[in-house]
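Here's the structure, in structure tokens; my notes come after.
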Amino acid sequence: MGESTLKPGYVPPTDGDRYIPLAQRSGNESIVYFTRDLSAAGLKKAYEAVSGEIDGKVAVKLHTGEKHGPNIIPHAWVQALMEADIPGGTIVETNTYYEGDRDTTEKHLETLKVNGWTFCPVDIMDAEGTAMLPVENGNFFEEMSVGKDLLDYDSFVALTHFKGHVKGGFGGSNKNIGIGCADGKEGKKWIHTTPGSDDMWDISNEELMERMTESCKSVVSHFGKKICYVNVMRNMSVDCDCAGVSATPVVMPNIGILSSTDILAADQASVDLVYALPERFPRDLKERMESRHGLRQLTYMKELGMGNDRYVLIDLDHDGARITLDEALESVVPWEG
């Protein structure tokens, strides 16, 4: 079908800059696991807590970054995780919509080598074509164009570097999947650009968040229970890893790693931890989320039935105790570079 099929009578919301505190949310609770251990061991612990349904041929979706990107998840951590827990797994990516180090398969393969993603197979899923996945109950799409090879996998692990984003406000699991699985020339164009426009980035704020989220839903629905989400809250620039070496220097403190089988709960808890930081810490990531109206990602995921924005936070460092956001942040220290 292609491009947008905007529902008649759609009125875009304008509240994507408004943070909704936990006390004002309703509905069921999901489980989110948390560790302060920012290491290969911590990543392994977070993944194992949510990996019960992951089997068969496994796709591991992470942002492999532009050349020499300083903030990507360390490849040594990912290598250790995959060797121990996902043997035979494949890192998956798609080419970019923008011109750069990854907009063609040839350049993308070279960038992967430069950044150290050489220890396991890497599948650029749209290198040989695209496939369509249905989008249920969306405002903009009835289907989304994704990398063809996505359909070759039985299970999916969203291994996400949580950080800011110049257009999306923040990049969590929703952005990693919604933008990262859409193919580089069609799907990403449908998300970012009004049909017929000469400006490839003319869609922003709430509309961009909804388009991105609908794309993500197509993938989440496709994998059903065989998908899980791990958010690494480390080296959190206000810019995405697509900015590479030009990313705004990090000032936010490192926080930890979260994991869940609920995508909304994982991203909501990550955002909540940023908002719960004491006032003595920098507020640049909070400002980035609000100024781009990125919080619409969360409310729209809930409207689309993708998960719960209420959750129980489980401390993997202390025998699975239930903890508050403040307790999770007790040991956080300022960024030291």
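Just so it is clear, none of the values below were taken in a lab; they were calculated from the coordinates. Not measured: the values here are computed from a predicted model. Please note: Cβ atoms are built from the backbone with ideal geometry, for glycine as well, and neighbour counts cover all protein chains shown.
Before moving on, here are some points about what is shown:
- Taking each of 217/286; 107/188; 7/225 in turn, the alpha-carbon distance tops 27 angstrom for 7/225.
- Taking amide hydrogens as placed 1.01 Å from N in the peptide plane, the amide H of residue 92 sits under 5 Å from those of 60, 61, 62, 123, each at least 5 positions away in sequence or on another chain.
- Reach of residue 163 by Cα under 14 Å, taken over aspartates and glutamates that are not fewer than 8 positions away in the same chain: 239, 241, 267, 272, 284, 287, 290
- Take the Cα of residue 321, step 7 Å toward its Cβ, do the same at residue 113, and the gap between the two points is 5.0 nm.
- Here the contact order of region 1-143, divided by its residue count and restricted to Cα pairs under 8 Å and six or more residues apart, works out to 28 percent.
- Among 90, 118, 193, residue whose mean-square fluctuation peaks in a GNM of the chain (springs only between Cα atoms under 10 Å): 118
- Antiparallel content of DSSP bridges confined to region 22-328, in %, to 5: 50
- Loop-resident GluC sites (Glu not before Pro) (DSSP state other than H, G, I, E or B) in region 129-191 with no more than 14 further Cβ atoms inside 10 Å of their Cβ: 136.
- Cα gyration tensor shape for region 194-337, rounded if a/c is under 1.5, else prolate or oblate: oblate
- Highest mean packing first, where packing is the average number of other Cβ atoms within 10 Å per residue, the peptides 15-26, 254-265 line up as 254-265, 15-26.
- Those aspartates and glutamates that a straight Cα-Cα span of less than 13 Å connects to residue 61, excepting residues fewer than 8 apart in one chain: 93, 123, 149
- Mean separation of Cα contacts under 8 Å, 6 or more apart, over the residue count of region 22-328: relative contact order %: 27
- Close amide H partners of residue 310, meaning residues 5 or more places away or on another chain with modelled amide H under 5 Å apart, are 30.
- Three-way shape label, the chain, alpha-carbon gyration tensor, a/c 1.5: rounded
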